[in-house]
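A short reminder: the numbers here are calculations on the coordinates, not readings from a lab. What you are looking at is a predicted structure, and each value in this text was computed from that prediction instead of being measured. All Cβ positions, glycine included, derive from the backbone under ideal geometry; neighbour counts span all protein chains shown.
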Amino acid sequence: MVTIDTIRKPIEAELAEFDSFVRSHFSAEGGLLSEMLEYVLSSRGKGIRPMIAMLSAAMISPSGTIGKRTYLAAMLVEMIHMASLIHDDVIDDADKRRGRPSVNARWQSKNAVLAGDYVLARNMDIGMSSGQYDIVSHVIRTIATLCEGEVLQGDHASKMDTSREDYFEIIGKKTASLIAVSASAGALSVKGTPAQIAAMHRFGEAAGMAFQIADDILDYTSQSSVTGKPVNADIRERKITLPLIEVLERADAEHRRELLDAVAVCADDPSKAEFVRSAVEREGGIERAREVMKAYLQRAMSVLSQFEPSPYRESLTQFCSYVAEREK
Ligand code: FPP
Ligand code: MG
């Protein structure tokens, strides 16, 4: 079983330096904003995006050395991600994140919205002040893409009409776009060639699609105590994700209606959520979604094979195994 620690090994020292880099740039003015910022910074999660940015940079940098430009790229993507999760929990009305109360649960939605805005604004300010405009403009575009994905998801959730194509568009925008930019911004930060930057973008996109499919599978298979998120959260939010799409596509009209009627009332009726969850498991939705996820991981790994072997390339390959095996 591959762990995040194994993947991080070749850049362990740089990741420690990166943590200080983030801390030195992100401090608030005091009061409630500082409290909220401290709260989110002290539970940064797995740090997958900065890790990918830094591994990508180290793999492409001729000597494996990375410096401030890479830390900047890694920080920009990580803080965009952090802001998006603070807002996401407001949108989803989620009370838990990483096993702790979400910012909205602890300080109310109105403060959480501002905390997310603040992180995003400070991030852009730091980026612009750095003068590394190529990196800032490379990364900044994804914010709009994330918003597009989130709005699309909400619209389809309210209509409960997410098709397979809609689903891929949603996860491509809300998740894969930022992971793609993490990998390509890492490459850009060490002055990779346009071909290398584009290749790493393709790597991140495929790995990011797989990562979100794995997340959506976990919503059906994992316990809240492991994921740190509410149980059956997606169907309770009427989010139709790949495991359910796989089942809906094969269901006859009557069963399809039965499943969708159950999804419609899941939020208030845990027994209906359990009905949908067990149908998805029994009818092969999880296995089929896993096959799709594995195909994306294959695509990601084939991009990596174009690069020279190195401990950094090995870590990125291990990241693909980690996605396939992840439990939270
Ligand atoms: C988590 O998805 C959410 C995202 C991947 C993106 C959220 C994007 C926005 C709220 C748009 C605004 C963006 C910024 C930068 C302010 P999920 O709900 O499926 O995952 P979860 O189970 O972790 O909540
Ligand atoms: Mg959410």
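Here the Karplus relation 6.51 cos²θ - 1.76 cosθ + 1.60, evaluated at θ = phi - 60°, turns the backbone of the range 262-274 into coupling constants of 5, 4, 4, 10, 3, 4, 9, 9, x, 5, 5, 4, 5 Hz, with x for every Gly and Pro.
Spread over its residues, the convex hull of the C-alpha atoms of the range 1-92 is 110 Å³ per residue.
With the simple spin-label model, which puts each label point 7 Å out from Cα in the Cβ direction, the Asp95 to Ala267 separation comes to 1.5 nm.
FRET efficiency for the pair Lys294 and Lys191, taken as 1/(1 + (r/R0)^6) with r the Cβ-Cβ distance and R0 = 41 Å, rounds to 0.75. Look at the alpha carbon pairs under 8 Å that are at least 6 residues apart: their mean separation over the length of the range 17-79 gives a relative contact order of 35 percent. Only Cα pairs under 8 Å and 6+ residues apart enter the sum, and on that basis the relative contact order of the chain stands at 22 percent.
Semi-axes of the chain's equivalent ellipsoid from the Cα gyration tensor, sqrt of 5 times each eigenvalue, largest first, rounded to whole Å?
One finds semi-axes of 33, 24, 16 Å for the chain.
The label-point distance for Arg282 and Arg106, in a model that sets each label 7 Å from Cα toward Cβ, rounds to 4.1 nm. Normalising by residue count, the range 59-159 has a Cα convex hull of 129 Å³ per residue.
Between Ser61, Ser315, Ser27, the Gaussian network model of the chain with springs among Cα atoms under 10 angstrom shows the greatest mean-square fluctuation at Ser27. When Leu188, Leu248, Leu120 are sorted by how many other C-beta atoms sit within 10 angstrom of their C-beta, beginning with the fewest, the order is Leu120, Leu248, Leu188. Does the range 276-320 come out rounded, prolate or oblate by the C-alpha gyration tensor, with a ≥ b ≥ c the root eigenvalues, rounded set by a/c under 1.5 and, if not, prolate when a/b is larger than b/c and oblate if not? Since a/c reaches 1.5 and a/b is larger than b/c, the shape of the range 276-320 is classed as prolate. A simple rule links phi to the HN-Hα coupling: the Karplus curve 6.51 cos²θ - 1.76 cosθ + 1.60 with θ = phi - 60°, which for the range 301-317 gives 5, 5, 5, 4, 5, 6, 9, 4, x, 6, x, 6, 5, 4, 5, 5, 5 Hz, with x for Gly and Pro. Computed on the Cα trace of the range 152-249, the radius of gyration divided by the Kirkwood hydrodynamic radius gives Rg/Rh = 1.07.
Contact order, relative form, for the range 1-148: 21 percent (alpha carbon pairs under 8 Å, 6 or more residues apart, mean separation divided by residue count).
Packing-wise, with mean Cβ within 10 Å as the measure, how do 232-244, 138-150 rank, highest first?
Details: 232-244: 23.0, 138-150: 18.1.
Ranked by mean Cβ neighbours within 10 Å, highest first: 232-244, 138-150.
Can you sort Tyr167, Tyr118 so the residue with the fewest Cβ neighbours within 10 Å comes first? It would help to have the intermediate numbers written out before the result.
Numbers: Tyr167 22, Tyr118 18.
With the fewest neighbours first, Tyr167, Tyr118 line up as Tyr118, Tyr167.
Whole-Hz Karplus values for the range 123-138 come out as 4, 5, 4, 4, x, 5, 5, 5, x, 8, 5, 4, 5, 4, 6, 5 Hz, taken residue by residue from phi with 6.51 cos²θ - 1.76 cosθ + 1.60 and θ = phi - 60°; glycine and proline positions read x.
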